[in-house]
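Here's the structure we're looking at; comments come further down.
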């Protein structure tokens, strides 16, 4: 068995706390007329602070082994956002136990929709191959591959799927080079969506042989 | 004082805009460009490769006294797009321009304006263990052409541009060859205005 890179985030039964937010790069200044001028000087990226609490020698060793497996200077991996500050994001808010019972064309839904359209403002998208009745809410995430990396977007305005289609407003805006018309169609992932991230700084380890917490900050690798 | 079109001013005042820097170098084989967004874009026949945060510039210094203020910028030494600017090509003293691109909140370019123009003067490739791999580039301000009456510089490529492809700076180094031709430097020379 060989390792697959970039490394996926382990699906171990381990409490993970922290926060995922969107880091914006903006400069502000005071205008002569008393207003505040502000400008965006770089594309926004996701940032996650992960605190992973491993309990027991076996879990601690397994996590250590995963950190060891991050070869290369960037230590990149597929970062999953954190929900509610206390667990890794897994499914949309309205489906806390998964996608059982949802179907598309009488077949069980796999958790992937198809990107069929991008609005002119680049912040609205239309998805196809979605299961009717699925409700997507503000705060849910989706991700899709484009170029050499995976893009992660948060849903700002959700909707209910009907006729196997749904329109959503997302943030950050969809990149200009993402083309909804290309073939094969871009598959959007709704279960454990992720973006490519790298670990900035050190992974700190604190605790003892019973409970050890691994803490690190990761930034999105946007390209 | 920047001169910004009205529609861009409206965008600026609504706060929903972004700026990016675009660096264009006019190499002999055609223009090469990089910019600090994430996707490639073509503006005025030059394709700018998006290298994101792998591009950092120092402050632009403006001067009324025609000082030759250089512009330094650093690009990642591991980025193939950055390497394309300077690897296997005659980059020395080729024209280089820095543009500001104004983007709307859909991240589409609405306007570009030139912010700095000069010539690629120095390229330093720095690699170090436990450090950063970067290419440090210095663009010499085009004000230099105003300081030197002919705009000529003391370089091999400059001499070849005057004396032909078989000419060159090395030809005049040996004393025995010193009579091969006249080297004009600075304000004196046949191209200078008569004083």
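Just a few scattered comments:
- Filter result (at pLDDT 85 or above and touching a strand residue (DSSP E or B) at 6+ places or on another chain (Cβ under 8 Å)) within segment B:1-29: B:18, B:19, B:20, B:21, B:22, B:23, B:24, B:25, B:26
- Check on residue A:152, under 18 Å from residue A:165 (Cβ atoms) and either away from chain B (no Cβ under 13 Å) or part of a loop (DSSP other than H, G, I, E, B) (or both): no
- Qualifying residue in segment A:174-187 (condition: buried (at least 19 other Cβ atoms within 10 Å of the Cβ), touching a strand residue (DSSP E or B) at 6+ places or on another chain (Cβ under 8 Å), part of a loop (DSSP other than H, G, I, E, B) and away from chain B (no Cβ under 14 Å)): yes
- Residues located in segment B:1-34, provided they are closer than 13 Å to residue B:47 by Cα, in contact (Cβ under 8 Å) with a residue 60 or more places away in the chain and within 14 Å of another protein chain (Cβ to nearest Cβ): B:22
- All positions within segment B:95-142 that are assigned to a loop (DSSP other than H, G, I, E, B) and out of contact with any helix residue (DSSP H, G or I) (no Cβ under 9 Å at 6 or more places or on another chain): B:106, B:107, B:108, B:127, B:128, B:129, B:130, B:131, B:132, B:133, B:142
- The number of residues in segment B:91-131 that are touching a residue at least 12 places away in the same chain (Cβ under 8 Å) and more than 13 Å from the chain's Cα centre (by Cα) comes to 16.
- Residue pairs meeting the criteria (Cβ under 6 Å; at least 6 apart or on separate chains; first farther than 13 Å from residue B:21 by Cα and more than 10 Å from every other protein chain (Cβ to nearest Cβ), in segment B:36-49; second modelled with pLDDT of 90 or more and in a loop (DSSP other than H, G, I, E, B)): B:47/B:40
- Test for residue A:192: is it within 14 Å of chain B (Cβ to nearest Cβ), surrounded by 17 or more Cβ atoms within 10 Å (Cβ to Cβ) and out of contact with any strand residue (DSSP E or B) (no Cβ under 6 Å at 6 or more places or on another chain): no
The values are calculated or read from the model by the stated rules, or taken from the named source; none is laboratory data. Note that the structure is predicted; figures quoted are calculated from it, not measured. Here the Cβ is made from the backbone with ideal geometry for all residues, glycine too, and neighbour counts use every protein chain on show.
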